[in-house]
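Heads up: the structure comes next, in structure tokens.
No lab work stands behind these numbers, since they all come straight from the coordinates. Please read these numbers as outputs of a predicted model, since none were measured by experiment. In this analysis, Cβ positions are derived from the backbone assuming ideal geometry, glycine residues included, and neighbour counts consider all displayed protein chains.
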Amino acid sequence: MAEMTGGELLLRCLQEEGISVLFGVLDGSFNPFLAKLDDYGMRFVNPRHEAAAAHMAEAYARIRGGPAVVIGGIGPGSANMVSGVATAFAEGSPLIVITSQRRRNIIYPDRGGSFQNVDLLGMYRPVTKWNAGVRDWRRLPELVRRAFREATLGRPGPVHLEIPEDVMRGTGDPGSVEIWPPAQYRAGRPGAGDPQAIEQAAGMLAAAERPLLHAGAGVSWGAAWDEFLALADHLSAAMTVSLAARGVVPEDHPRYFHPLNRDALETARSEADVVLVVGSRVGELDGWGRPPAWGQPSTQQVIQVDVDGASIGLNLPVDLGLIADARPALERLLAAVKERTGPKPAHDGFERYGQMTGAWQEQIAISLYADEGQLNPGRAIQAIRGFFPRDAITVMDGGNTSLWTASFNPIFMPRSYLYTAKFGHLGTGLPYALGAKLAAPDRPVYLVSGDGAIGFNIQELETARRYGLQVTVIVMCDRGWGMERSSQAFAQMGGLVECDLYPDTRYDRVAEAFGCHGERVDDLDQLRPALERAAASGQPALVQVMVDPMDNMAPPGLLVFGSLVYRAED
């Protein structure tokens, strides 16, 4: 049998894992890998920056619900990619991160002075679940298996393999190694969990007078949204979600409480007698599971379901923990609850919660006021949401722009929302949109970004044009760093420091220079026609919306967000 390069052996391993799309920026160190792409039916997507490649891969993984692969070149290429991997680590997204490295006789022992050599294993260790260097051609399949196992086991996350260029170029007998399909080495997800615990949880939920269900991103990764909603509807339970889980419950559901609707949300949570938490660690933006955002542990029973045992009781003390996959666990729970009780009526608290929700909606509507001739950001977001269908994928990027979008752009479908909810990393938006379009080519994808945020990766408009990825990018242009203006104003610094961007930047013309469709909108009446022309262009499109800078300093939810992040007791 003809000998095979390490690059081709890697492709064989990835093909066995069901991988067909790879992300990365070209590097000569993995030419043996690139040379065999067509033989294995692989597609290599080559953006303009390595961090963008990681963001694209993460979005692809989140929309499809499985691991994705990103590849970085030697030295600076892989160093560029770290911020994208750190984002995936914070968000809990399963990336297989492969980095090239200099030859083994150069990196070990390090003599100093070698070209483009950096300790990539040390650099990636803090932002990955597991990492390792491949030092022997024959162990490559074993380490690829380990990488996929670690990335998907428990709470998902990125893993890292470093492959020196001499291993990538080196050859060996393919008959001397074994490549196993996932079924032969991965145990799979944990199923419905302990049957006795399911019965106990069902009894607690059936007896509850004010049940509440809270979903985290694990409900999305487990594709458990139908089961979550069915159980909540049978119990007439209140529903809340973490910021990362938006979309697992349609945001026009009458018993759902938006993450920014804090009075109603926190009242419903604190008054619930039984809470079911599924796929969430209940983190900082969820109030850490503490009163007054949640009930007193002495009066509120908590059931937590998670694939990762380390997440159970991490922040919120539980009465019953269940290590299980969300979907089968919720299926079993619903069946067991139905054995104990028929559909339950909504409790009388919902009338009061509805009044609070109405008051919140009236309060945020005040922010829609605009002075004569000024374009209000919230009204622009409403027009954007009204243009796109319910199943469109929304991508958010920026500071105050994201708060406007969160308030006036409801999410109605699972896996329809991309935002770096845990890391808040600016610049993810455009790469996220492109990764989403690759993952779901038949669905509309639109990005709402601030003008500060779009500057981080605007070069990826060329990537969109090159690959024919018809996404719509809306840049809410307030000519500055909007959230920093708000922050500095609240801090009473006596003036604003370096918050302004060049006021006459034409992002629409930058898009045109990259071969995309571009338009500028100065009036609300111009926005929908501009979106219609963008959709009809058949090209990636950027619509620059000139919003009122003063309005943009006070988006609804700004004080709520600040209070969640800066609570003194935390």
Between region 343-372 and region 209-271, the Cα center-to-center distance that results, in Å: 16
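For Cys499, Cys477, what ranking results if the residue with the fewest other Cβ atoms within 10 Å of its Cβ goes first?
Working: Cys499 21, Cys477 28.
Final ranking by Cβ density, sparse to dense: Cys499, Cys477.
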Alpha-carbon centroids, region 14-43 and region 434-475: separation in whole Å: 23
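Do the sum for the chain: with -39,500 (n - 2.57) for every DSSP H run of n ≥ 4, divided by all residues, what is the mean residue ellipticity at 222 nm, to the nearest 500 deg cm²/dmol?
It comes out at -11500 deg cm²/dmol, rounded to the nearest 500.
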For the chain, share of DSSP beta bridges that run antiparallel, in % to the nearest 5: 5
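Given +1 on the Cβ of Lys and Arg, -1 on the Cβ of Asp and Glu, and no further charges, what dipole in debye does the chain carry about its Cα centre, rounded to the nearest 20? Don't skip to the answer; put the middle values down first.
Working: 52 positive and 67 negative charges, 257 e Å.
Roughly 1240 debye for the chain.
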Anchor Lys36: aspartates and glutamates whose Cα lies under 19 Å away (excluding residues fewer than 8 positions away in-chain): Glu3, Glu8, Glu16, Glu17, Asp27, Glu165, Asp166, Asp173
Order of Ser100, Ser449, Ser20 - criterion: other Cβ atoms within 10 Å of each residue's Cβ, fewest first: Ser20, Ser100, Ser449
Aspartates and glutamates with Cα under 15 Å of Lys338, excluding same-chain neighbours fewer than 8 positions away: Glu199, Glu227, Asp233
J(HN,Hα) series, region 286-296, from Karplus relation 6.51 cos²θ - 1.76 cosθ + 1.60, nearest Hz, glycine and proline x: 9, x, 6, x, 9, x, x, 5, 10, x, 6
In order through region 21-26: 3J(HN,Hα) via Karplus (6.51 cos²θ - 1.76 cosθ + 1.60), integer Hz, x for Gly, Pro: 10, 10, 10, x, 9, 3
Computed over region 50-141: relative contact order in percent, which uses C-alpha pairs under 8 Å that are six or more apart: 29
Whole-number percent relative contact order across the chain, with pairs defined as alpha carbons under 8 Å at least 6 apart: 13
Spatially proximal aspartates and glutamates relative to Lys437 (Cα-Cα < 17 Å; intrachain offsets below 8 disregarded): Glu58, Asp391, Asp397, Glu460, Glu462
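Listing Trp221, Trp180 from the residue with the fewest other Cβ atoms within 10 Å to the one with the most, what is the order? Working shown, then result.
Working: Trp221 26, Trp180 14.
Ordered from fewest to most neighbouring Cβ atoms within 10 Å, Trp221, Trp180 come out as Trp180, Trp221.
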Positive-pole candidate from Ala183, Ala151, Gly18, dipole of region 4-184, charges at beta carbon: Ala151
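Hey, can you rank 22-34, 510-522 by average C-beta count inside 10 Å, highest first? Each step should come with its number before you reach the end.
On the way: 22-34: 21.6, 510-522: 19.3.
In descending order of packing, they fall as 22-34, 510-522.
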